[in-house]
Amino acid sequence: MRYAVQWLRSLIFTTQAYLMMVPMALAFLPWALVDRRGAWAAVHVWTGWVRWTASWMIGLKSEVRGPVPQGEVMIAAKHQSFFDIILLCNVLPRPKFIMKKQLLWTPIVGWYALRIGCVPVDRGRRGAAIKAMVEQVNAGTREPGQLIIFPQGTRVAPGVEAEYKVGVAVLYQELGAPVIPVACNVGVFWPRQAIYRKPGLAVVEFLPEIPAGKPMREFLSEVRGVVEDRSNALMAEAGFALPAPGPADGH
């Protein structure tokens, strides 16, 4: 019975969150058309609304730990569900994403994503996508902001392993900029593809900066290590039992 009640609350919460996107997007549209600050304001207001309603409608509190980057910086973030995007967009002053091109056709989201400076890429052609990422990011350096990339390329459920794509290392090398890793546990409470939202404390944490100039392979290993280790710790803090490691090869 308790699960059914929470599922119903989750359905109501999710429905109202997406419905509220429409009046808020329309309210900020005139400002967003003439000034990007209007688009960022719309993003901050809607994501703040989602965090607030989640806290009392479904019992899902949220917390952001670590110093929030303010200037031009690249962020390599763990991605478990839509909620980590919501938290990042809510606290970062000028967030912009490396995102899959198909999202451009999503009503409201696609237009606002372009307006805040997101970089759409075609993930179906790996080499061309990486080249396009670098070209488009370099072309957009005049617009300051926090460039967010998900190194695993997609949402990854808690406890599931997925490789870190080379694209994040290519961008790190080509841009010659430091990177802020980000860990999270949000997938424990807000799954990738389900209505049910679990009550608890969802956390996104900004980790110490990785300085520019490291070899690509070393950087990729370091960002994977710090993000996965800290995400696992946050998930354990939330009560999620990580799968036991498999036997070593040959045993």
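The values are calculated or read from the model by the stated rules, or taken from the named source; none is laboratory data. Since the structure is predicted, the reported quantities are computational estimates derived from the model, not experimental observations. Cβ coordinates were reconstructed from backbone atoms using ideal geometry, including for glycine residues, and neighbour counts include every protein chain displayed. These area figures cover heavy atoms from the full protein model, side chains too; ligands, DNA and RNA do not enter into them. Shrake-Rupley method; radii C 1.70, N 1.55, O 1.52, S 1.80 Å.
Electrostatic bookkeeping for Gln173 treats Lys and Arg as +1 and Asp and Glu as -1; over the other residues with beta carbon under 12 Å from its beta carbon, the sum is 0.
Considering helices alone, the calculated mean residue ellipticity of the chain at 222 nm is -15500 deg cm²/dmol, with DSSP H runs of length four and up weighted by -39500 (n - 2.57) and normalised per residue. With springs only between Cα atoms under 10 Å, which of Ala41, Ala25, Ala241 fluctuates most in a Gaussian network model of the chain? For the chain, modelled as a Gaussian network with Cα springs under 10 Å, the answer is Ala241.
In the chain, the DSSP beta bridges split such that about 15 percent are antiparallel, to the nearest 5. Sorting Ile58, Ile85, Ile12 on solvent-accessible area from highest to lowest, probe radius 1.4 Å, gives Ile12, Ile85, Ile58. Relative contact order of the stretch 137-209, taken over Cα pairs closer than 8 Å and 6 or more residues apart, is 27 percent.
Over the stretch 46-118, Cα pairs under 8 Å with separation of 6+ residues give a relative contact order of 27 percent. Between the beta carbons of Thr53 and Glu209, assuming R0 = 30 Å, the FRET efficiency works out to 0.35 to the nearest 0.05.
Over all other residues within a Cβ to Cβ distance under 11 Å of Val91, the charged ones net out to +1, with Lys and Arg as +1 and Asp and Glu as -1. Heavy atoms of the protein chains alone define the surface here; on that basis the chain has 50 Å² accessible area per residue at 1.4 Å probe size. With loop membership from DSSP and a limit of 12 other Cβ atoms within 10 Å, the longest segment of the chain without trypsin sites (Lys or Arg not before Pro) is 1-124. Note on Leu26: accessible area is roughly 110 Å² with a 1.4 Å probe, heavy atoms of protein only.
Straight Cα distances below 16 angstrom link Lys96 to the lysines Lys78, with same-chain residues fewer than 8 positions distant left out.
Residue by residue, the stretch 148-163 carries 3J(HN,Hα) couplings of 9, 10, 9, x, 8, x, 6, 5, 10, 5, x, x, 9, 8, 8, 5 Hz when phi is fed to the Karplus relation 6.51 cos²θ - 1.76 cosθ + 1.60 (θ = phi - 60°); x denotes Gly or Pro. Where a Cα-Cα gap under 16 Å defines reach, which aspartates and glutamates qualify for Lys198, not counting those fewer than 8 residues away within the same chain? Those aspartates and glutamates meeting the cut-off are Glu63, Asp84, Glu237. Taking the chain as a Gaussian network of alpha-carbon nodes connected by springs under 10 Å, the highest mean-square fluctuation of the residues Gly213, Gly145, Gly167 belongs to Gly213.
Net charge of the neighbourhood of Val203, taken over other residues with C-beta under 14 Å away and scored Lys/Arg +1, Asp/Glu -1, is +2.
Mean separation of Cα pairs under 8 Å and 6 or more residues apart, divided by the residue count, gives the chain a relative contact order of 24 percent. Of Gly213, Val166, Leu8, which is farthest along the charge dipole of the chain in the positive direction, counting Lys and Arg as +1 and Asp and Glu as -1 at C-beta? Going by the charge dipole, the pick is Leu8. Which of the DSSP-defined H helices in the chain satisfy a minimum axial length of 24 Å, computed from C-alpha atoms, and a minimum mean Kyte-Doolittle hydropathy of 0.0? TM-like helix candidates: 2-34.
Of the heavy-atom accessible surface of the stretch 148-242 (probe 1.4 angstrom), what whole percent is carbon and sulfur? Result for the stretch 148-242: 52 percent of the exposed heavy-atom area is carbon or sulfur.
Considering only protein heavy atoms, with the full assembly of protein chains and a 1.4 angstrom probe, order Thr53, Thr15 by accessible area, largest first.
Working: Thr53 0, Thr15 65 Å².
Putting Thr53, Thr15 in descending order of accessible area: Thr15, Thr53.
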